[in-house]
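Chemist: Sharing a structure with you now.
Laboratory data are not the source of any read-out in this text; all were calculated from the coordinates shown. All figures in this text were calculated on a predicted structure; none of them were measured in a lab.
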DNA sequence: TGTGGATCTTGTT
DNA sequence: AACAAGATCCACA
């Protein structure tokens, strides 16, 4: 049983005052394709899959932390990803509203091989009519795959959306369904 | 199958 | 404070 802990990135980290953040970043080779990653204090801060040469949200993300010190660690990002990815207790940075964090917590509890609907999550976080907002919140998640937002599908069984490309969502889901 | 209204959160103005 | 835009859902034709 592997768990994932979501640690809120302190608001103060965003401001360009005081100590500079030491962020490292680099491309990661994953079993589902190339992804862009960023790390802070040994914790994953961003993981986004490439679609062509685009990584959804990367530019916006870096602009938020424009005053940090960015260091490209290149291929060592893959080593980091593999080393930390196989630990049973992983921990990642998140930055979001209380609502978004509750959604991300909820989806993190869905085990591999299972899927839930957006309204299932809305129900779980005691905001039963917020299914649509749940979708938006999942789409705002900066940690692809580790926070398993791909396990949310529509109530009628259709796929729903995926920030990193629908074909990837399909691929991950079928891998998790069969391989487990 | 598809369309329209209901519903909630968020970013922008 | 008001508005538009979402990774939705439900009823109804």
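Chemist: Which value in deg cm²/dmol, rounded to the nearest 500, describes the helix-derived mean residue ellipticity at 222 nm for chain A, given -39,500 (n - 2.57) per DSSP H run of n ≥ 4 and division by the residue count? Walk me through the intermediate numbers first.
Modeler: Details: 6 runs with 57 residues, N = 180.
That calculation yields -9000 deg cm²/dmol at 222 nm.
Chemist: Send over the semi-axes of segment A:4-93's equivalent ellipsoid, whole angstrom and largest first, taken as the square roots of 5 times the C-alpha gyration tensor eigenvalues.
Modeler: Details: eigenvalues 90, 54, 27 Å².
Semi-axes, largest first: 21, 16, 12 Å.
Chemist: In Å, the Kirkwood hydrodynamic radius of chain A over pairs of distinct alpha carbons?
Modeler: Details: mean 1/r = 0.0593 Å⁻¹.
After inverting the mean inverse Cα-Cα distance, the result is 16.9 Å.
Chemist: Taking chain A as a Gaussian network, where each spring joins two C-alpha atoms under 10 Å apart, which residue of A:119, A:167, A:136 fluctuates the most?
Modeler: A:167
Chemist: Just A:25, A:49, A:14 to compare: in a GNM of chain A, with alpha carbon springs under 10 Å, which one fluctuates most?
Modeler: Most flexible of the set in this elastic network: A:14.
Chemist: Taking the alpha-carbon centroid of each part, what is the distance from segment A:108-180 to segment A:18-68 in angstrom?
Modeler: That distance is 21 Å.
Chemist: Taking Cα atoms, how many degrees apart are the long axis of helix A:98-108 and the longest axis of chain A, rounded to 10 and kept between 0 and 90?
Modeler: Roughly 70 degrees between the two axes.
Chemist: Compute the helix-to-body angle for A:166-178: its Cα long axis versus the longest principal axis of chain A, expressed 0 to 90° and rounded to tens.
Modeler: That works out to roughly 70 degrees.
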